[in-house]
Amino acid sequence: MGKYKLKLAAIALVAIVMTFFAQETLAYYTTVGTATNVVTSGNIQFTIHETTKGGNPFPEEGVYVTPGQIVSKEVRVENSCAHPFYLRVKAVYGIDSKTLSAEDCFKLDIDPADWTLADGWYYYNRIVEPGETTPVFFSLVEMVGAKMDNAYLGKTLTLTVKAQAVQSQNNPVTDDDITTAVGWPQEE
């Protein structure tokens, strides 16, 4: 039985030595490392320009109006970033009275050749390239006299222009329909 134990010990020793060589060989063919990948997303920025017909800034304090009056207010949106984007714009109407509506008091001259109305927003029909400014969203605001009765005397009506943009790169649209772009922000 002593020879049998000796053979078993020799085989075990050979197995241990082979394991050490195998581990050393594996060390030559494997490696461990860490890579840090930084991904920076683009930053979409735009500027809304509101001017009068003469190109002067629209007064921040607003203007005094009477029913039936037409006010010059030209609204354009400029792409002020390095990325092209899709654009949508909305006119939001307000009044300092809970019982009156301002929406019917304004009539805007929006050009349907450049802007398409869908879900309450006007979508610009093309991509806005970096540095590009859109054609006029609207240029005149008519105060609808038939809608502005004596209940509106002394009230303050507001017309606020809101805009939203999403990247156009890697964001295909269906049948040139800008409304199908992905990523439009949720309503506020």
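Only the coordinates and a few stated rules stand behind these numbers; no lab work does. Nothing here was measured: the structure is a model prediction, and the numbers come from that model. As a convention, Cβ positions derive from the backbone with ideal geometry for all residues, glycine included, and neighbour counts pool all protein chains shown.
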Protection proxy ranking, peptides 131-138, 147-154, average beta carbon neighbours within 10 Å, highest first: 131-138, 147-154
Set of aspartates and glutamates with alpha-carbon distance to LYS155 below 17 Å, sequence-local pairs under 8 removed: GLU61, ASP96, GLU103, ASP104, GLU142
Cα gyration tensor shape of segment 46-180, rounded if a/c is under 1.5, else prolate or oblate by comparing a/b with b/c: prolate
Per-pair calculated FRET efficiency, R0 = 30 Å: PHE58 and GLN169 via Cβ, rounded to 0.05: 0.40
Efficiency of FRET between THR66 and ALA118 - r from beta-carbon atoms, R0 25 angstrom, step 0.05: 0.15
Whichever aspartates and glutamates have a C-alpha closer than 20 Å to that of LYS98, once near sequence neighbours (fewer than 8 apart) are set aside: ASP149, GLU188
Under Karplus coefficients 6.51, -1.76 and 1.60, residue-wise ³J(HN,Hα) of segment 60-72 in Hz, glycine/proline x: 4, 7, x, 9, 7, 10, 10, x, x, 6, 10, 10, 7
Mean Cβ count within 10 Å, highest first, over the residues of peptides 116-124, 86-94: 86-94, 116-124
Set of segment 62-94 residues, backbone N closer than 17 Å to the point 7 Å along the Cα-Cβ line of ASP149: 67-68
GLU129-VAL92 FRET efficiency (beta carbon distance; Förster radius 35 Å; 0.05 resolution): 0.85
